[in-house]
Amino acid sequence: MDYLSSLNEPQYEGVVNTEGPTMIIAGAGSGKTRVLTYRIAYLMQEKGVDPFNILSLTFTNKAAKEMRERIESVVGSNARNLWMGTFHSVFARILRAEAGKLGYPSNFTIYDTDDSKSLIRNIVKEYGLDDKVYKPNTVLSRISSAKNRLISWQEYTTNPIYKADDDTAMKPEMGMLYKAYSLRCKKADAMDFDDLLFNTNVLFRDHLDVLNKYQHRFRYVLVDEFQDTNVSQYLITKKLSAVNQNIAVVGDDAQSIYAFRGADIENILNFEKDFPDLKVIKLEQNYRSTQNIVNAANSVIGRNKGQLKKTVWTANNDGNQIELIKSVSDNEEGRFVASEIFEQKANRNYKNEDFAILYRTNSQSRSIEEALRKSGIAYRIYGGLSFYQRKEIKDLMGYLRFAINSNDEQSFRRIINLPKRGIGPTSVEKIVVAAFEHDIPLWEVLTNINSFLPGRAANAINDFVTLIKSFKIYVETKDAFETASHIAKNSGLLKELYADKTIEGLNRYENVQELLNAIKEFVDTPEVEDKSLNNFMQDIALLTDNDKENEETDVVTLMTIHSAKGLEFKNVFIVGMEEDLFPSQMMMSSRADLEEERRLFYVAITRAKENLYFSYALSRYRYGRLLNCEPSRFIEEVDPSYIRVNTKYGSREQKPSSLSPSRNAPEVGSNYARNLIANRNAAPKKPMSYHKPSDNFTPSDISNLKEGMKVEHPKFGFGKVHKMDVEGSNKKAKVIFESFGEKTLLLSFAKLRIVE
Ligand SMILES: Nc1ncnc2c1ncn2[C@@H]1O[C@H](COP(=O)(O)OP(=O)(O)OP(=O)(O)O)[C@@H](O)[C@H]1O
Ligand SMILES: [Mg+2]
């Protein structure tokens, strides 16, 4: 068979030895992904394994798609039945099927990072905490890191270790926020990204029958980019392959670049302990890059202390030296890069798609984009604001999500006053708080709104509820396209966009049409059996812009180095090679951080097949100020024999070895100290902490509740009935609680225990 003949000896071993645990840790461009791809093809074609029994986990949906296409070219359309995708997408699918076991409905909503952050922002406000101390980003990453280490909020709030850490960091309320955030997500029938992995672990831990089912389904498990799995992901794969032991992982410790998100290099070491029969395969030949690029990459990564020893060599040509481009400003940098692309295309027959421009942070794309646009070079940005992050798309998706899951708090907040219905933030807050305090679902509050809000506000909500109910009928009875079109029209969203005749308005209108087109395409796909909106929405939440179908393919790629992992391009520009930018200012405070940053540099270098450019500017706008910049220390870390200064654009005199030796010490330390002092001085407001119900708490029959009775409420604790109010249809009781003061409770919802 002809795909096998294109493999070298160890690669061949990796493909045909399909049984038992296998690990390949090898350098960039050595064919790790190729081995995984062919191993799957081999399993299907030679071993007759059913694609339903193969689970392949990749880092991006794009990588999964490419892998599937390659396998398809060998084995045919049967490859579509492989279980292949990111950890998040595969396990979201499994969680939907098993949701009931964890107390979620199968149509649970997936909160994206924006949803999570805005929920945190609300909670911080509700508890009266300082939002400069408890920034949504900081709080979310602390929660995320706990979840990825499988620490539940229950454990977090009871184990004093975490409290001590948070106290030291001047964020003593972190545990309380973790708990409140988790309860709110659960109440909204929503999982955030980390929950998808966390809950999969809970599912497999607490439901051995379910674990058993998937252990038998996935006879073969394969993981690409294994170095970037976190503890939570590792545990899932380990459990799944415990019975059959057919697990193959490939990775490169020198390319581990997600430690800041909890990826753990220890997994590579643990793997040997957890699977003692492990077969380890070494790949040493690089097929991707020229000799020069491979050598330069080796000279960089050799500076890291904590790497496994590996040999990487190539039989490819020497190729050109790395070109160093110096510019006076970020705008000039953009122009130089654009001119170079223009020239290379003209002289060497390259196409746009042969170029990639890689940068450390998304915001660097602006000056490059401007220059490319002026030169008429087609490009595409990966990452950044993706299609599904655009406001108009999120708005319509908010309606679709809410029609499916009407307890979804974040969607509710997004759409309730869109278009304007005269419902103010106070009413919205009252509704959300009522659901929480009465411990009833959001939808139940909305459908009984007259009990919670005064007349006029209630009327507006009632109209909204009627509208959503009519949408729900569509969700139940029509296909995804009919439903979504109906909702787009009748929600008033399309009309509002249509009325806006500015260019941006037209764009937004077209984007919504584009989403409807995508849904139409989904409905028209013959292989899709379940054409409901529900089914369409399932995986959408996990799509990133990188996965979007590309309209035009011959484009220059712009992306962060992080998202370039695993990819390759003939020509690569690494731009913004300046101190404080790359290495990033935030990553210079410890040796471990700097090593991670250096691995990122290694990843960037090893994306290039033929030509590589480093570019830096002497000044750049950052944080709204023009800053002077110095060339990155990383430039000097590359053996100078592999670099030449580009004299077309940069200064002729400058040599890489003479790059400014003196540097100002980064200000990280002093800033940090300033923040600490500032935080200490800002007296934190005390959060209100809800009462913990007594162990014997069960709500009593309260039809005979009378003034003077002593009661317990699950959240407000103990109190005394002050006054009964039987006016109108709603029976209410005014209760004075010991810690919360007076509250008016609706008897039809209140869960109270009569104490005496
Ligand atoms: N035996 C081979 N003969 C020819 N080309 C090969 C061979 N093995 C791999 N290649 C090619 O080398 C390039 C790198 O392979 P691949 O992407 O699988 O490497 P990798 O180890 O996964 O790299 P990375 O660490 O960057 O993910 C690809 O273009 C691939 O097609
Ligand atoms: Mg790879």
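The Cβ shell under 12 Å around F271 holds other residues with a net charge of -3, Lys and Arg each +1, Asp and Glu each -1. With the charge dipole of the chain set up from +1 on Lys and Arg Cβ and -1 on Asp and Glu Cβ about the Cα centre, the Cα lying farthest toward the positive end among the listed residues V210, S182, Q585 is that of S182. Here the 3J(HN,Hα) profile of the stretch 715-725, calculated from phi with Karplus coefficients 6.51, -1.76 and 1.60 at θ = phi - 60°, is 10, 8, x, 8, x, 10, 5, 9, 7, 9, 10 Hz, Gly and Pro shown as x. If you take all other residues with their beta carbon under 15 Å from the beta carbon of L493, and give Lys and Arg +1 and Asp and Glu -1, the sum is +4. Orientation-averaged projection of the stretch 389-543 equals 9.7 nm² [convex hull of Cα atoms, one quarter of hull surface area]. Along its three principal directions, the equivalent ellipsoid of the stretch 555-608 from the Cα gyration tensor extends over semi-axes of 22, 12, 8 Å, largest first. State to the nearest 20 debye the size of the charge dipole of the stretch 376-516 about its Cα centre, where the only charges are +1 on K and R beta carbons and -1 on D and E beta carbons. Roughly 340 debye for the stretch 376-516.
Segment E482..A499, full-extension length gain: 3.8 nm, with 0.36 nm per residue of separation and the alpha-carbon distance subtracted. What are the DSSP H helices in the chain that stretch 24 Å or more along their long axis, judged by alpha-carbon atoms, and whose average Kyte-Doolittle hydropathy comes to at least -0.5? Counting only whole DSSP H runs, the qualifying helices are 455-477, 503-524. Semi-axes of the equivalent ellipsoid for the stretch 162-265, computed as √(5λ) from the eigenvalues of its C-alpha gyration tensor and ordered from largest down, come to 30, 21, 11 Å. Normalised by 2.2 N^0.38 Å, where N counts its residues, the alpha-carbon radius of gyration of the stretch 239-366 equals 1.45.
Computed on the stretch 109-188, with alpha-carbon pairs under 8 angstrom and 6+ residues apart, the relative contact order is 29 percent. A full extension of the chain between S152 and I754 corresponds to an added length of 213.4 nm, given 0.36 nm per residue minus the alpha carbon distance. With a cut-off of 20 Å on the backbone N, the residues of the stretch 188-226 near the modelled label site 7 Å out from N159 along Cα-Cβ are 194-206. Relative to the current alpha-carbon distance between T647 and N450, full extension at 0.36 nm per residue lengthens the span by 63.4 nm.
For the stretch 109-188, a crude dipole built from +1 on the beta carbon of Lys and Arg and -1 on the beta carbon of Asp and Glu, taken about the Cα centre, is about 140 debye to the nearest 20. Computed FRET efficiency, Cβ-Cβ of S5 and E568, R0 22 Å: what is it to the nearest 0.05? For S5 and E568, the calculated efficiency is 0.50.
The residues packed around S141, meaning those with a beta-carbon under 14 Å from its beta-carbon, carry a net charge of +3 if Lys and Arg are +1 and Asp and Glu are -1. Reported value for the chain: 184 Å³ per residue, from the convex hull of its C-alpha atoms. Pairwise Cα distances in the stretch 109-188 exceed 14 Å in 59 percent of cases. The tail of the calculated P(r) for the stretch 302-433 beyond 17 Å holds 75 percent of all Cα-Cα pairs. Excluding same-chain neighbours fewer than eight residues apart, the lysines reachable from K478 by a Cα-Cα span under 18 Å are K469, K489, K520, K531. Once you sort the root eigenvalues of the Cα gyration tensor of the stretch 709-755 as a ≥ b ≥ c, which label holds: rounded (a/c under 1.5), prolate (a/b larger than b/c) or oblate (the other case)? Here the stretch 709-755 falls in the prolate category.
Averaging the sequence gap over all C-alpha pairs within less than 8 Å and six or more residues apart, then dividing by the number of residues, gives the stretch 43-142 a relative contact order of 19 percent. The charge dipole of the chain, taken about the Cα centre with unit charges on the Cβ atoms of Lys, Arg (+1) and Asp, Glu (-1), comes to about 1660 debye, rounded to the nearest 20.
Every read-out reported here was derived from the displayed coordinates using simple, explicitly stated rules and does not represent laboratory data. Since we're looking at a predicted model, the values are computed, not measured. Quick reminder, even Gly has a Cβ in these numbers, built from the backbone with ideal geometry, and neighbours come from all protein chains shown.
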